[in-house]
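Below you'll find the structure, written out as structure tokens, and then a few comments.
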Amino acid sequence: MVRWSDTFWGEGNRGFEVLSTNVKNGAIAIEEFQRFLNENSQYESAYCKNLSRLQAQLLKVQHVGTFTPIWQSIRDLLEKIALAHSSTVTYYQDLLREIHNYHDLYQKKVKTSIQKDSDITRTADLVSQLNNALNTLNKAKEQYHSIGLDYERAKRSGNNLTNGTSTPTPQDTTTSSSSLAQTAFNTLTSTTRQFERLEKKYRQAHDDYKASVEKYNSIRTEFEKRFYEACTKFQDFEAEHVDKMLNFSLNYAEILKRNNEQTRLAQNEFQERIKQFTGTDLIESFVEQKKTGVERPAPIQFEELDNIKSSLNLSSSVTPDSAAGLSDELITFEQSEASVPAFQAHFPVSSPTMLSGWPSTTNIKKSESNRALASNANINHQHVAVNNQSTTSLGNTTPMSLSNPNNPLSRL
């Protein structure tokens, strides 16, 4: 494992600045990751609401035509996908709550472990001091070198001047010798004074440069020790932070994986369900839901106008005059039981005297009355059955006249 205490040195001592900035960037990374997850949660929530709205719209068309089973399958698919995204929103909210708590904890740890640490704070001071000492050292070094070069040149010039004035010239006269000696003496005196001043500056520059070097080395030694400890603490702090952020990232990956698995499962179920349908299945399902019955409409026969007139004239064939003359010829069947309705035939009966010369209508009436009493019950039951049959089929059959052999009244 690489150690920060071995890799963040270099010119300008920018390693401490880089590590300090990285601590600030850690808090920014937490905020940005939190903002990113919050936006993801909002998108998932909006998508879930749109799916629910689309699912509600399918309720209007899910029972339309033979495509109904397909609509139902699509509605179930949307419901499962919406449920998966709703669960994803819940997981996002839980993760955001954890990151928010960690962000507060991170800021507290920065104040206690970084900003108030003695090694780190002292290292920050030493960095500025070391940079200032290095600048001072560089200036003292330049000045020392500059004055030293001037001092060396002046020293060489003084030696040459002294050597030149000590050599006598045999051609000089006495007057000229005295003036030249005076000039040389004055020049030598001035040069000596300048040399002494230059030598003083040289020694001062030498001392300043030496002091700057010693001060720089002293600060550098302390900085090296403090920065080594600071790098170790920075690395430990950052390692813990990175592990925490990695756990959050893994939770985010698990949320995405869970959402994708649920969505893929719903899609596979929908695909398998659609594959199971055939055109015959859709048609049979439609018939089972929308069938209206198996009874077909009954046929209707054409009715002749004569049959309709004869049935209508049946009730009006007996006039008041004929009814008075035939009152003794009307056959009346007395009611034998209370539950059976009385039956009275309102139609004329031919007199037996007209056919075979029988004695009288009164005797026939009596004999017929005795026979009628014996068969009263049978006739009444036949009449009830006939009435029930005629009542049931009254809406579907044509009224029949007395001349029709199917009319039960024609057999009486």
Residue in the stretch 137-144 that is surrounded by 16 or more Cβ atoms within 10 Å (Cβ to Cβ), at pLDDT 80 or above and under 17 Å from Thr221 (Cβ atoms) present: yes
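Got at least one residue in the stretch 287-298 being in contact (Cβ under 8 Å) with a residue 40 or more places away in the chain, more than 34 Å from the chain's Cα centre (by Cα), farther than 30 Å from Asn22 by Cα and outside any helix (DSSP H, G or I)? Please lay out each step first, then the result.
So in the stretch 287-298, the residues in contact (Cβ under 8 Å) with a residue 40 or more places away in the chain come out as 289, 298.
If we keep only those that are more than 34 Å from the chain's Cα centre (by Cα) too, we end up with 289, 298.
Next, from what is left, pick out any that are farther than 30 Å from Asn22 by Cα: 289, 298.
Keeping just the survivors that are outside any helix (DSSP H, G or I) gives 298.
Checked against the condition, which is being in contact (Cβ under 8 Å) with a residue 40 or more places away in the chain, more than 34 Å from the chain's Cα centre (by Cα), farther than 30 Å from Asn22 by Cα and outside any helix (DSSP H, G or I), the stretch 287-298 yields at least one hit.
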Lone unmet requirement of (1) farther than 30 Å from Gly12 by Cα; (2) at pLDDT 90 or above; (3) surrounded by 16 or more Cβ atoms within 10 Å (Cβ to Cβ) for Leu256: (3)
Restricting the stretch 75-113 to residues that are surrounded by 17 or more Cβ atoms within 10 Å (Cβ to Cβ) and of a type in the set (Val, Ile, Thr), the residue that is farthest from the chain's Cα centre (by Cα): Val110
Residue tally, condition in a helix (DSSP H, G or I), on the phi < 0 side of the Ramachandran plot and over 23 Å from the mean Cα position of the chain (by Cα), over the stretch 31-70: 5
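Suppose the filter is out of contact with any strand residue (DSSP E or B) (no Cβ under 6 Å at 6 or more places or on another chain), among the hydrophobic types (A, V, I, L, M, F, W, C), in a helix (DSSP H, G or I) and modelled with pLDDT of 90 or more; does Leu149 pass it?
no
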Scope the stretch 54-74; condition open to solvent by 30 Å² or more (accessible area, probe 1.4 Å) and either touching a strand residue (DSSP E or B) at 6+ places or on another chain (Cβ under 9 Å) or of a type in the set (Ser, Thr, Tyr) (or both); matching residues: Thr66
Residues located in the stretch 114-123, provided they are surrounded by fewer than 18 Cβ atoms within 10 Å (Cβ to Cβ) and either without any contact (Cβ under 8 Å) to a residue 12 or more places away in the chain or touching a Phe, Trp or Tyr at 6+ places or on another chain (Cβ under 7 Å) (or both): Gln115, Lys116, Ser118, Thr121
Residues of the stretch 269-312 classified as at pLDDT below 80 and either closer than 29 Å to Ile81 by Cα or open to solvent by less than 90 Å² (accessible area, probe 1.4 Å) (or both), total: 5
Test: residue in the stretch 30-48 that is among the β-branched types (Val, Ile, Thr) and either surrounded by fewer than 14 Cβ atoms within 10 Å (Cβ to Cβ) or more than 30 Å from Arg258 (Cα to Cα) (or both): no
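The values are calculated or read from the model by the stated rules, or taken from the named source; none is laboratory data. This one's a predicted model, so the numbers in the text were calculated from it and none came from an experiment. Cβ sites come from the backbone with ideal geometry, for glycine too, and all protein chains shown count toward neighbours. Remember, those area values only see protein heavy atoms, side chains included, never the ligands or the DNA or RNA. Shrake-Rupley method; radii C 1.70, N 1.55, O 1.52, S 1.80 Å.
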